[in-house]
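All remarks here apply to the structure that follows.
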Amino acid sequence: MNTVLLNLRAIRGRAYPRIVGLMREPSWMFWETVLPLLSISAFIYVYRSLNAPAMYEGFVVLGGVMTTYWLNVLWSMAAQLYWEKETANLQLYLAAPMSKMSILAGMAFGAIVSTTLRATAILILGIFVFHVNFVISSPILLVLVFVVALFALYGMGMLFASLYLMWGREAWYLNNLLQEPVYFLSGQYFPVKALGNIVAAAASIIPLTLGLDAMRQILFPESIPWGFLNPWVELGILALLSIVFIIWAKYALDRIEYLGRVKGTLTMRWQ
Amino acid sequence: MSTKNELKTAMWLEFQIESNWTSPFIFAIYNIFKPVGAALLLVAMFYVVAGKWTGNSLAFMYVGNAFYMILAQTLFSIGWIVHDDREHYSTLRYLYISPTPYFRYLVGRSITRYTLSIVPMLVLLLLGLLFKIEYKFNILLLGFALLIGFVFIVGTALLISGINLLTARHAGAIGEAFAGIFYLASGVVFPVSLLPAWAQQIALGFPTTYWFSIIRIAVLGHEADTFMASFSLLELCLYLTLLSFVYFLIAFLVFKFADTVARKLGILDMSTTY
């Protein structure tokens with residue numbers, strides 16, 4: 001069969017359960033919208049306790065929406081192959097005739113669709129409950145930044161998915177570690193420039209940092225003085241990151257699969 | 001096996017599961033990094049508004065967040081035990097038929113988790129000196145708060161475990177839900193007085209609300225939340241003690257009920273590959 005067609009079908013096949021699963025398991029409508037809203041609400045009240053200007057509440061809603069994607073990258077992309085190994089499905093993936101990158105791409109595509117539904121629900125709830133006002137100064141730039149940031153994020157997720165094949169339980173703990181510290185370093189709820197240029201530059205390796213910073217400047221023009229870089233520059237860096245992460249993921253996946261075969265760890269569970 | 005040995009074994013097991021994936025040094029770093037990240041997030045939020053790194057509002061949210069780590073880490077970790085035992089390690093049936101009652105096994109694991117969570121809290125309090133937080137420790141009151149805190153935190157965690165006996169895929173979400181509700185409604189990082197009136201009344205039904213108020217008095221020497229400041233220290237301690245034991249009793253009853261239902265439905269050791 002034509003290789004391209006095979007891989008496209010693999011992408012569709014791997015995306016299918018993530019999209020259809022939303023309809024079959026509707027409990028996400030409560031758990032994955034109300035739960036994030038609890039922490040968003042708490043951080044909004046933190047800003048209110050500090051008598052912060054209203055735009056900071058908008059930062060929290062925006063950060064909360066992007067947190068959804070980050071958590072999805074960690075738990076539905078990065079940890080996925082580790083979970084497959086734990087449930088003894090990994091060998092099926094490896095024995096399948098299509099490229100493993102197409103499997104990861106299908107996972108990413110399905111995850112983006114399902115997560116976008118959740119993120120939209122959180123955004124709508126956030127806007128209506130807390131009366132947050134977004135001013136879209138450049139719709140095209142906003143869409144570009146958002147889409148490219150997602151590519152970079154999920155490219156990073158694909159890279160982590162490859163790396164996590166090397167590990168056992170360390171994968172779970174690393175994923176846990178990449179939550180709150182990343183929220184801080186990437187300026188989830190505050191402008192990352194507050195951390196200083198050096199820290200902000202280092203944190204820019206996480207696509208969330210530049211994506212959030214650019215979107216904040218576009219949606220809250222009064223926050224431009226707090227912007228780290230010009231949004232167009234940030235868009236360019238995000239595009240570069242997405243290419244680098246995807247290429248790196250391909251290399252890492254091949255390398256780690258080879259190491260796993262040599263060491264016999266590909267099917268080792270409960271480590 | 002005596003109760004003491006049963007608890008000791010469960011405690012040892014929890015420590016091994018939590019720590020033996022890496023070296024003790026890396027484990028210590030890991031145990032501290034996550035809470036420090038959460039604390040620094042709040043500090044940064046304070047800085048962008050106030051333009052400085054010190055202040056009474058910062059002390060309020062910093063101390064609340066430091067102790068919240070104990071609650072969040074315990075609820076989240078213990079909430080996963082049933083899921084882990086049942087789905088990942090497939091050991092629940094063996095644990096269940098062992099001489100140690102499963103409830104007691106969970107309590108033993110909770111003790112270790114609670115104790116391990118105190119370490120990052122201490123590190124955070126130390127880090128608070130960098131932000132010039134003026135501590136006025138009342139060690140006796142703090143000890144009382146941590147002791148009673150154990151009762152309701154572990155009680156809530158066991159309640160979550162009970163619920164997880166009946167669910168397949170919501171282990172993490174349920175723990176997160178409880179932790180999130182307490183974070184929002186208990187005056188952890190902002191005063192309860194900021195909440196709408198109806199939410200304030202709900203907050204009074206949580207032992208965490210009184211717990212965090214006592215913690216602030218024990219650590220900072222005063223209660224800055226005008227709503228909670230209307231209670232005397234004795235009232236706070238009494239309400240906390242009463243609610244904590246009520247929560248623990250409810251948790252025990254829910255666990256027993258869930259256990260009975262799970263056995264009746266034959267889903268005690270179900271495997272969903274989730």
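The figures follow:
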item	result
Computed helical MRE - 222 nm, chain A, DSSP H runs ≥ 4 contributing -39500 (n - 2.57), nearest 500	-24500 deg cm²/dmol
When each of A:K85/A:K263; B:K52/B:K132; A:K100/A:K250; A:K250/B:K34 is checked by Cα-Cα distance, pairs over 19 Å	A:K250/B:K34
Solvent-accessible area, 1.4 Å probe, carbon plus sulfur percent, for segment B:132-274	71
With eigenvalues of the C-alpha gyration tensor scaled by 5 and rooted, segment B:111-189, Å	29, 15, 12
Highest-MSF residue in chain B out of B:Y68, B:Y96, B:Y210 [GNM, Cα springs under 10 Å]	B:Y96
For chain B: relative contact order, % (alpha-carbon pairs under 8 angstrom, 6 or more apart)	26
Straight-distance crosslink candidates among lysines, where the alpha carbon sits under 30 Å from B:K4 and sequence neighbours closer than 8 are dropped	B:K256
Summed buried accessible surface, chains B and A, 1.4 Å probe, nearest 100 Å²	3600
Ellipticity estimate at 222 nm from DSSP helix runs (n ≥ 4, -39,500 (n - 2.57)) divided over chain B, nearest 500	-25000 deg cm²/dmol
Inter-probe distance in nm under a simple model that places probes 7 Å from Cα toward Cβ, at A:W248 and A:E25	3.0
Relative contact order computed over segment B:1-123 (Cα-Cα under 8 Å; 6+ residues apart), in percent	48
Label-point separation in nm, B:T260 to A:K263, each point 7 Å along Cα→Cβ	5.0
Dipole of the protein assembly as shown [Lys/Arg +1, Asp/Glu -1 at C-beta], most positive-end residue of A:Y93, A:A54, B:V36	A:Y93
Principal axes of chain A: Cα extent on each, largest first, Å	58, 40, 38
For segment B:228-242, 3J(HN,Hα) per residue [Karplus equation, 6.51 cos²θ - 1.76 cosθ + 1.60, θ = phi - 60°, Hz, x = Gly/Pro]	6, 5, 6, 8, 6, 4, 4, 4, 4, 5, 5, 4, 4, 4, 4
Derived scalar couplings ³J(HN,Hα) [segment B:197-207; Karplus, 6.51 cos²θ - 1.76 cosθ + 1.60; whole Hz; x for Gly, Pro]	4, 5, 6, 4, 5, 5, 4, 5, x, 9, x
Cα gyration tensor category, rounded, prolate or oblate, for segment A:150-193 with a/c compared to 1.5	oblate
For segment B:122-274: accessible area per residue (Å², 1.4 Å)	45
For a label point 7 Å along the Cα-to-beta-carbon line of A:I140, residues of segment A:209-232 with backbone N under 15 Å	A:232
Carbon plus sulfur fraction of accessible area for chain A, probe 1.4 Å, in percent	71
Unit charges at the beta carbon, dipole of the protein assembly as shown: most positive-side option, B:W12, A:L123, B:F60	B:W12
Summed residue charge, Cβ within 15 Å of A:G126's Cβ, Lys/Arg positive, Asp/Glu negative	+1
Cα point-scatterer Debye curve for the protein assembly as shown, base-10 log of I(q)/I(0) at q = 0.06, 0.10, 0.11 Å⁻¹	-0.30, -0.86, -1.05
Per residue accessible area in Å² of chain A, where ligands, DNA and RNA are left out and the probe is 1.4 Å	42
For segment A:7-45, residues shielded by at least 50 square angstrom of accessible area compared with the chain on its own, probe 1.4 Å	A:W31, A:L35, A:L38, A:A42, A:F43, A:Y45
Backbone HN-Hα couplings from phi across segment B:82-87 [Karplus 6.51/-1.76/1.60, Hz, Gly and Pro as x]	4, 4, 4, 4, 7, 9
For A:W232, solvent-accessible area (1.4 Å; no DNA, RNA or ligand), Å²	150
Residue order for B:M270, A:M23, B:M61 - accessible surface, 1.4 angstrom probe, largest first	A:M23, B:M270, B:M61
Rounded to 10°, Cα long-axis angle of helix B:24-50 versus longest principal axis of chain B	40
Estimated dipole of chain A in Debye, rounded to 20 [Cβ of Lys and Arg +1, of Asp and Glu -1, Cα centre]	720
GNM top mover of B:Q200, B:Q16, B:Q73 - chain B, alpha-carbon springs below 10 Å	B:Q16
Chain A: DSSP helices with Cα axial extent of at least 30 Å and average Kyte-Doolittle hydropathy no lower than 0.0	A:3-24, A:28-49, A:100-130, A:139-164, A:231-263
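The values are calculated or read from the model by the stated rules, or taken from the named source; none is laboratory data. Just so you know, these numbers come straight off a predicted model, no measurement behind them. Positions of Cβ are backbone-derived with ideal geometry, glycine not excepted, and every protein chain shown enters the neighbour counts. Accessible surface areas use protein heavy atoms only, side chains included; no ligands, DNA or RNA. Shrake-Rupley method; radii C 1.70, N 1.55, O 1.52, S 1.80 Å.
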